[in-house]
Ligand code: NIG
Ligand code: FE
């Protein structure tokens, strides 16, 4: 059984306590089982049971040990980039102006439809390798740049077939926007999603979640409700892109349908926060609010009111939103530092948001997200004395090593 010794500080990120409770252990050791890839023991090294103390061990060099980072919101596979739009926005055009003029998501849809599955997979693998080197061990991947039958299935099949040690969780985002060819008959597109694609995707096990972008340029609350309910009827749990560009009632809808997460929330209203709070109080784990501060930064939007959410008792996750438009970076530690500087989360709160609460946002908090016996041995060593120092002194990459299911991957 492998043993990791000489950990300067371990933070388990176990559930007990609130958003800032990351449960530090000084001078720690970790034991895992290489056969089933699960954690067996974690604690202070001096308390290591004798049976493990004599086993061959690896030396953590006094570094910081964290649960493997979980990026619970990405649009991983897409064709092309949109650097031109980055510059157009800097010159004064808005994200929505560009979308209404046929750019934005529609432009990536054209490039994604034109790309082969092999090309999309090769790019996705390169990105995942880079994410893994940052200490990211699980990635949620959305479709949503195909927007027709063949191309949505193409994206989900790319995710299913990815050869990577990274744990992949797929989300069907056919309801990203209504594609141009359905603009005059959007009901037909919604019928394609609800009556055709959702049943097939669920039957073939191609996705675990169904997501909808609620926005003036995308889907209304009533449309989103119908699509999410159709997903639920086929076993796909709900997620939402909610209240990103204005308050559209997305948070309340997330609470109403029992979504696992409501993502973005830059413009969530006080009422929306109250609904998320009440959903958490009445229904088990409730809705996780997923903050995406890289998108907030690139769109120069107001930050998600993370403090209000946390004070209301709503768990806040942090993810990248990696996509070619609003968030062209997959750097999750950057998102964590931005969650601190833009959303006034403490470094501990931000880390819990990219570990246990991120796991909750993808329904996997019994399996990953914290360093506890029985959970998957997904963890990373960070070259920093503690979490605050790590996120304060932002570096291109502070991750020194990472393991997934007990196997060393970095
Ligand atoms: O999460 N909000 C909608 N979807 C993405 C942006 C997609 C794009 O611009 O290509 C987001 O920000
Ligand atoms: Fe997104």
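Sorted ascending by nearby beta carbons within 10 Å, beginning with the fewest, 55, 304 become 55, 304. What separates the Cα centres of the stretch 341-363 and the stretch 1-78 is a distance of 18 Å.
Which of rounded, prolate, oblate describes the stretch 297-410, given a ≥ b ≥ c as roots of the alpha-carbon gyration tensor eigenvalues and a/c under 1.5 marking rounded, otherwise prolate only if a/b is larger than b/c? Prolate shape, in that a/c is at least 1.5 and a/b is the bigger ratio. What's the Cα-based Rg to Rh of the stretch 293-339, Rh via Kirkwood? Rg/Rh for the stretch 293-339 comes to 1.00.
When a/c reaches 1.5 or more, the comparison of a/b and b/c decides; with that in mind, is the stretch 85-168 rounded, prolate or oblate per its Cα gyration tensor? Oblate. Once the chain from residue 149 to residue 53 is taken as fully extended at 0.36 nm per residue, the excess over their C-alpha distance is 29.0 nm.
Multiplying the residue separation of residue 181 and residue 36 by 0.36 nm and subtracting their alpha-carbon distance yields 47.3 nm. For the stretch 376-410, the residues whose amide N sits under 17 Å from a probe point set 7 Å from the Cα of residue 6 along the beta carbon direction are 381-385, 400-402.
Counting only DSSP beta bridges whose two residues both lie in the chain, roughly 40 percent are antiparallel. Evaluated over the Cα positions of the chain, the convex hull gives a direction-averaged projected area, one quarter of its surface, of 18.5 nm². When the Gaussian network model of the chain links Cα atoms closer than 10 Å, the mean-square fluctuations of 220, 282, 107 top out at 282.
Let me know the shape class of the stretch 1-135, please: from the alpha-carbon gyration tensor, a ≥ b ≥ c as square roots of the eigenvalues, rounded when a/c is under 1.5, otherwise prolate if a/b is greater than b/c, or oblate. Cα axes put the stretch 1-135 in the prolate bin. Computed over the stretch 1-63, the range of Cα coordinates on each principal axis works out to 36, 26, 18 Å, biggest value leading. Modelled label positions at residue 408 and residue 101, each set 7 Å beyond Cα in the direction of Cβ, lie 5.2 nm from each other. When both the stretch 173-229 and the stretch 104-121 are represented by their alpha-carbon centers, they are found 18 Å apart. Here is the P(r) of the stretch 44-112: all C-alpha pair distances, binned every 10 Å from 0, give 14, 26, 15, 11, 13, 16, 4 in whole percents. Rounded to the nearest 10 degrees, the inclination of helix 149-161 to the longest alpha-carbon principal axis of the chain is 10 degrees.
The numbers here are math on the coordinates, done by the rules we state, and not lab data. Since the structure is predicted, the reported quantities are computational estimates derived from the model, not experimental observations. Virtual Cβ from ideal backbone geometry, glycine too; neighbours counted across all protein chains shown.
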